[in-house]
Structure formats: C-alpha cells, structure tokens
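Structure first, commentary second.
The numbers here are math on the coordinates, done by the rules we state, and not lab data. All values derive from a computational prediction rather than experimental measurement. Note: ideal-geometry Cβ built from the backbone for every residue, glycine included; neighbour counts use all protein chains shown.
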Amino acid sequence: MNNARKVAYQCLLRIDHDGAYANLLLQSELGRSRLSERDRGFVTELVYGTTRMRRGCDALIDRFLMKEPQPELRTLLRLGAYQLHYAGVAAHAAVGETVELAPKQARGFVNAILRRVGDTPMQWPNDAVRLSYPDWIVTRLRTELGDEADTALARMNEPAPVSVREDGYRQDLASQWVAAAVCAEAGERILDLCAAPGGKATAMAADGASVIAADLQAHRARLIAGVPVVVADATAPPFTSASFDKVLIDAPCSGLGALRRRADARWRINEGDVAVLARLQREMIDSAATLVKPGGWLVYSVCTLTGEESVDHPIPDGFEVIGTPPSDRWRPYAHGWRVLPQDHDTDGMVLVRYRRTS
C-alpha cells in the first residue's frame, strides 16, 4: 500500500502547493500508474478525503505543533491524520507507512506528531472545523437551509455515488432530473447553454428533441458528443430571437450543492464570488430569454443552494413561472424547486422553470 500512499502524497503536494485541480490531477496520475484496482481506490480516497477534510486534519495536527512545519511536511501530516481519524486505517499502518514518505531527518518528528494524533481524543473548537469547511460556507448554508444545513454539509463530505444512465453515461441523478424537467419532446428545437460536458444535452436529444449545445470554452465544448455544438458566450448567444421552443441554462455557479463531487472546491471559492456569479447568471437569463418562442420554456438550474444565485433572480420580462412540480423528487423553494444533498444522496440543485407569455 505504500506505493499508493506515495502517489497520493505526490498528488496532494501539487494540489496544496501548486494549485492543481484534484480531479484532473488524480485522473492523470492514476492513468500513468501501474497500481492495482484496490490501490487505485485507496489513492482516490486518500487524495479526495485529505483534500476535503483539510481543515479538520489541520486541527488534529495543530494541537501538537510548537511551530509551523515546512509546507511539504504539513501536507504529509494531513495525509497521516486523515488515515487515522477519517479513513479507519490501522494506526500502525497509518503512522508507520506515512513516516516512511518523510525525509529521513524529519521522520522522528512526523512519527511523534501522528502517534499523538492517533492517541488523543479530539475536542473540536466549532462545527466549521469539525465539518472541514471555511467559516463563510457554514454560515451561508445555515442562513439558507436552517436546521438542515449541517446535515447537507456532512453529506457533502461523503464520496459521491456513481449514477449511470440507461445509455451508459455517468451523470449524477440530480443532473438527470434537471434534463428531465425540460420535458423535451420530439420535434422541439432546444438550446442547451453552458452545456459541457454534454450530459443534459444528450439526455434531451434521446427524448427526440433537436438539441443544440453551446459552451463558452472550446476545450470544454469538445467534450460534447452526439449533438451539434457551438462555441458561444451565453451572455451574448449568436442565435435568432424567438428561435427555440425551450432553452436550458445550467449556469456556472458557486457549486455549494456539489462540494462532495469536487474535493478542492470549498477551498477555491470565496464568499465574494457568489455575488459575481449572480451578476453573470442574471446576464445569461436576460440574453437567453430573448431566444425563447412565445409559449416556450426557459429552464434555469444551478448546482448550488443559495437564493442569490437562483430564486432571487427577477422573473424575465414577458415570462411567467411554471408552478407545477417537475417531479416529486423536488421540494418547493420560493417560485422554484430544490433538492438537498441528503434528500436522495445526490448533488444539491435549484431549478426554476418559466414560460414565455408574450
């Protein structure tokens, strides 16, 4: 297993200190490794888990530090603490094999700290540290969700289950439900803005609709297969007014409902980003609304849980809210619908559907 720990440690160094994205880096490193399936699974848990629980790991470690260790040793101590406290790894293996990854002159130090981490019960200073989130995320979601916030936060600390559609495409169930909520029908012309990697577009096309997928970034647009693809800015889409029966905006957002899926996202997003994203989303809604035919639908979704990025957006001029529930999986949320991570063990999502009346 120590080869697996070495791969995990090398990934964590790049995530912690070079700004590498955990999912992209891990995919690349595992692709190059010759590890067994069992060891690959162990690496995945260590990288995602240690990244996700970084703040909790630091709190476990900091009780016993007299001074700040070198950055590389901080990362190694996090890796050991994660195994001891969260992963259920036997103490002798978690300590002994992690110590072997340290430079020789630092092994005594790493061994001493990790042994104390393993032997000393933890008293958490607050829930944000215990749950391993920035303070602002805990505060924000408690404001948004009330008593359900901590359950949502805890669920997003668990690995995401794999959901596979009938056609073999891997896609979270909540994302599948968003595509289903468009109610695509044969013969309809549908635009999927912000479409990459293409899961919702292909799902709607499978229902018989003629779907055009658009995305701002060319490299992401290339991920979309099976439908026509256009590289386009959703705030200024290059399409004729009133030319689509339905338009889906699965907008870029803070991702605060999908934090289990992107282990490092909680450390990348800042509180100020929410307002910036909300302004961008509003521009997208205003632009997309012009593309909908009279009687057609504008469907808006985000994988976050904040009102500022969803139901706080004004209803577009000339549109009314579609009040019928998309399905019984969604709970009412202002004039929209919401799924919390703990409702069905999916990503958290908000959905709003509008109909053009004039």
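For the chain, the number of Lys pairs separated by eight or more positions or lying on different chains, with C-alpha atoms closer than 24 Å, is 5. As a rough guide to protection, the peptides 38-51, 163-176, 224-237 ranked by mean Cβ packing within 10 Å, highest first, stand as 38-51, 224-237, 163-176. Here the average projected area of the convex hull drawn through the C-alpha atoms of region 1-90 stands at 5.7 nm². The distance linking region 342-358 with region 260-334 is 8 Å (Cα centroid to Cα centroid, whole angstrom).
Translational diffusion of region 245-304 was estimated from the Stokes-Einstein equation, with Rh taken as the Kirkwood radius over Cα pairs; at 25 °C and 0.890 mPa s the coefficient is 193 µm²/s. The long axis of helix 22-32 is offset from the longest Cα principal axis of the chain by roughly 70 degrees.
The mean of 1/r over all distinct Cα pairs in region 229-358, once inverted, gives the Kirkwood hydrodynamic radius of 15.3 Å.
In region 139-216 the Cα-Cα distances spread across 10 Å bins starting at 0 as 17, 36, 26, 19, 2 percent of all pairs. With coordinates expressed along the principal axes, the C-alpha atoms belonging to the chain extend over 73, 43, 32 Å, beginning with the largest. Relative contact order, percent, of the chain when contacts are C-alpha pairs under 8 Å separated by at least 6 residues? For the chain, the relative contact order is 14 percent.
Per residue, the convex hull spanned by the alpha carbons of region 130-178 comes to 100 Å³. Each listed q (0.27 Å⁻¹) maps to a log10 I(q)/I(0) for region 177-252, found by the Debye formula over equal Cα scatterers with no solvent: -1.35.
Give me D for region 307-358 in µm² s⁻¹, whole number, from Stokes-Einstein with Rh from the Kirkwood sum over alpha-carbon pairs, 37 °C and 0.692 mPa s. Stokes-Einstein gives a translational diffusion coefficient of 279 µm²/s.
The Rg/Rh ratio of region 22-65, with both radii computed over alpha carbons and Rh defined as the Kirkwood radius, is 1.12. Full extension of the chain between E148 and V230 yields a length gain of 25.5 nm, computed as 0.36 nm times the residue separation minus the alpha carbon distance.
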